[in-house]
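Rule-based calculations on the coordinates, nothing more; no lab input. What you are looking at is a predicted structure, and each value in this text was computed from that prediction instead of being measured. Ideal geometry is used to build each Cβ from the backbone, glycine not excepted, and the neighbour counts take in all protein chains shown.
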Amino acid sequence: MNGADFPRAVRERIADARAWLARRRALTVLAILLLFVFVAGTAVGGALYVNLASGLPDIQDVEKDYRPPIITRVLDAEGRLMGELFVERRIVVPVSEIPPLLVQAFVAAEDQRFFEHSGIDFKGLVRAVIATLFEGRRQGGSTITMQVAKTFFLADEARAKSWAERLRYKLKQGILAYRLEKHLSKEQILYLYLNQIYLGHGAYGVGAAAQTYFGKEVKDLTLPEAALLAGLPQAPATYSPYNNPERTRERRAYVISRMREEGYITAAEAEEAQKAPLVTKVKSLDDFSAAAYYTEYVRQYLYEKYGADAVLKDGLTVYTSANLDMQRAAQRAIARGLRALDKRIGYRGPLERLTEASDQEAFLAEETRKTGGVVEVSPPSDPIIYKALVTKVDPKGADVTVAGSVPARLPLEEMVWARKPNPDVRWDDAPVKDATTVLKPGDVILVSIRSLPPSKPERGSKGPAVAIASLEQEPQVQGALLALDPQTGAVRAMIGGLDFSRSQFNRAIQARRQPGSAFKPIVYAAALDSPKGFTPASIIVDSPFIEDTEELQWRPKNFDGRFYGPTTLREALTHSRNLVSIKLLDQIGVGYAIDYARTLGITAPLNRDLSLALGSSGVSLLELVRAYAVFAASGNRPEPLFVARVLDRDGNVLEENQPVVTPEVISAETAFIMTNMLTGVVQDGTAQRVKALGRPVAGKTGTTNDLVDAWFVGYTPDLVAGVWVGFDDTSRTLGNGETGSRAASPIWLDFMQEALKGSPVRGFLPAPPGVVFARIDAKTGLLAGPGSTEVIYESFKQGTAPTMVSGGAVGLPGGPIDLRSIGEVPVDPAVPPPQPGAPVRLPQ
């Protein structure tokens, strides 16, 4: 380096040094700035964390304290589910009972890295942001743990609207998810998630969802079913198989493919699952319709005793006295009986009339959407009902389009019942002879399908084959049925109306209707126990009766308007003679009869006049059935028992109710004699229809003025049941001929045939020691004499049998003869006694 260059080199080095110092100062400043930003950011972040975390709930015992609202289950006496009560329909299932296949399905669909992350899946978040920003599709970044945090702790904040609120919510959710992962195992988090998540149609958690969609337990789910459930959380309504079957299939296919990608299932398993049909079974409250009135009665009882919150949220287990098979039999019997009665009343006309072609097309399109254009054949006794449009009518029938797309023929014989309603004309006196008098084109009607066309048209047939339909209508008439065990009071079945979804009024308990002649057995039983000493052979003259008061003159009549002269009490009860019953009540006293009714369990207000003998005072069906149960139970009075046992959600017994039976409210002798008198009503009187049961039966029909109410209450040794039929509007009549025998007893018979099917046939208990038998002249009520032409065996309390012999046609000197020594026949336990009321074959 020469001298001339030295200053330049120095200057360059000095400049380099200065530049280095400047860079160093800048780096130092930048480092200080970055440090400041880091410290400030950490401080701000820490402050924000402290601010957010300080207000977050404690999660230490979230799994231990997990007691969500669960279903209160109402069971029958055998433990079969007959109803549910809930706010959230949830069945909590332990992790040990959740199959791995279902867990894998949810993890694959909702959080594929669930077993790897610590609550927040940062890779998933990045993937979700990219999908949202660059691919135009929304993809959730929430993990299963974050969803648990949201559901349990942040449900209210999840609906935040502003950007700042949403950010704050997400930060809280992340913090809670991290904490959950620190305090709970993955299995515990899955337990909370799978039991809490909403899966549509009122089902919370996989336990309820398995029941709702497939009618089975979680442990029994198949791969396609597990995939379907796992596809629901994002949009339960959108992916519901009942709302959008095609969307459900697509979503299920996605879950199955994700399970294959994650290695949870093989390619063969995935292929088989993808081909599986979409088979579901709705498990909703509709499935409990058979016991809806019973369950509602139990609900009211539980509300009063435990409160609504306990019933709807605490998951009680309630064992009732019901028998689910009998409940279903009762529901079917009521439905069949009321449909038949409603048809006998007459046809009320079409639902509507569509005259415009556009309206008809819209109707058909809507019905096609509802049914898929598919109809089923159903028996006349249990019709499946569809809407139909009448397209053409001729005298021999009508052409209709059923359920939107199925053509059918409605022949005249399937609408022969459809006369105009006329209460003065019997159902069988005015059959329809011309279909054009019933239907017109454009009518929207109800039909059931009796047969479908053959798959191949028959040779020689003209025109397309069509289904055969029957004209139907929804009944307006109502009914009720109640059955209980006479020995224990256990209420086995209760139906309070035709359709609980249409009317929750329980006509078996809440309604008080006039029982008509069904009340007479109470009066006759009172007479047997009265100081007057009446017996089944006592004679009362069936003749006109007039009672004058300041307000009116009462002139009651027998149902047929005739008078029958001297009549035994057995004959009067068998044929429901009104005038004999009134005179009997007059002799024993109204007050005495009312007190007796109270003894049998009648609590309703009772008229203190002679009309009481004809059932003029309203009583409930439960009261009347309970009163008859005393006869069936040898004089003991059972208290109706609905709820047998109640357990809390942990299985602890809250209450246990044993049968309560008051012994000997009437004597066993009176109960026996009444049972045999009521057996005569079935064998020879107004209740002969129920002889078809083929078992020993005792019972009584009842019909009120103007045919407003129809009743039948009867019993076998094992079961006592009652049926009431009528309109809620007490001004409406059932129509000509619709007595208790015609309108009510067929329903009772239908129910009992099914309820007792397969049970052994048993006779009524033998006569107690205080009952004796005697041969009686059926016309005079005296001991049968040589000239008696109609002789029956009759039962008496010991010491009350007649002591005089009827002179009969022979005309014995001095009239009836006192033959005390031969009048009574003592009961020999080794020899079955003759059936009381049975005729005796006289020697020729």
- Note on the structure: Amide H contacts under 5 Å for R89, restricted to residues at least 5 apart in sequence or on another chain and with H modeled in the peptide plane, are Y204
- Message: Test of the criteria: in region 288-373, which GluC sites (Glu not before Pro) are in a DSSP loop and have at most 13 other Cβ atoms within 10 angstrom of their Cβ?
- Response: E356
- Note on the structure: Sorted by chain and then number, the residues having a modelled amide H within less than 5 Å of the amide H of D314, at least 5 places away or on another chain, are I70
- Sorting G263, Q274, T248 by the position of each Cα along the dipole of region 242-281 (Lys, Arg +1; Asp, Glu -1; all at Cβ), the one nearest the positive end of that ordering is T248
- Task: For region 309-393, run through the trypsin sites (Lys or Arg not before Pro) and keep only the ones in DSSP coil with at most 14 other Cβ atoms within 10 Å of their Cβ.
- Result: R348
- Task: Please give, to one decimal in nm, the separation of the simple spin-label points placed at K275 and D595, each 7 Å out from Cα toward the Cβ.
- Result: 8.3 nm
- With x for Gly and Pro, the residue-by-residue ³J(HN,Hα) of region 418-425, computed from phi through the Karplus equation 6.51 cos²θ - 1.76 cosθ + 1.60 at θ = phi - 60° and given in whole Hz, is 7, 6, 5, x, 8, x, 8, 10
- Item | Residues R732 and R608, FRET efficiency given R0 of 41 Å [Cβ-Cβ distance, rounded to 0.05] | 0.90
- Query: Karplus couplings for region 709-715 from phi (6.51 cos²θ - 1.76 cosθ + 1.60, θ = phi - 60°), rounded to Hz, Gly and Pro as x?
  - Reply: 10, 10, 9, 8, 10, x, 8
- Karplus-derived 3J(HN,Hα), 6.51/-1.76/1.60, for each residue of region 583-589, Hz, glycine and proline x: 5, 5, 4, 4, 6, 8, x
- So, with points 7 Å from each Cα along the Cβ direction, the V95-Q234 label distance in nm works out to 2.6 nm
- Item | Cut-off 19 Å (backbone N to label point 7 Å along Cα→Cβ of E217), residues of region 91-121 | 91-103
- Query: Can you pull out the trypsin sites (Lys or Arg not before Pro) in region 533-621 that DSSP calls coil and that have at most 12 other Cβ atoms within 10 Å?
  - Reply: K557, R562, R608
- Suppose every K and R has +1 on its Cβ and every D and E has -1 on its Cβ; what is the size of the dipole of region 665-727 about the Cα centre, in Debye to the nearest 20? 200 debye
- Additional length obtainable on full extension of the chain from T436 to T662, 0.36 nm per residue less Cα span: 75.2 nm
- Query: To the nearest Å, what is the center-to-center distance of region 490-531 and region 383-427, using C-alpha atoms only?
  - Reply: 36 Å
- Under 12 Å from the 7 Å Cα→Cβ point of Q476, by amide nitrogen: which residues of region 418-448? 421-423
- Message: Below 8 Å between Cα atoms, with a sequence gap of 6+, how large is the relative contact order for region 594-689 in percent?
- Response: 23 percent
- Message: Using the basic label-point model (7 angstrom from Cα toward the beta carbon), what is the T355 to S257 distance in nanometres?
- Response: 5.5 nm
- Relative to the present Cα-Cα distance, how much length would full extension add between N243 and K396 at 0.36 nm per residue of separation? 51.0 nm
- Query: How much length, in nm to one decimal, is gained on full extension between K420 and S451, taken as 0.36 nm per residue of separation minus their Cα-Cα distance?
  - Reply: 8.5 nm
- Task: Amide H neighbours of A644 under 5 Å, at least 5 residues apart or on other chains, H built in the peptide plane: list them.
- Result: Y319, T320, S321
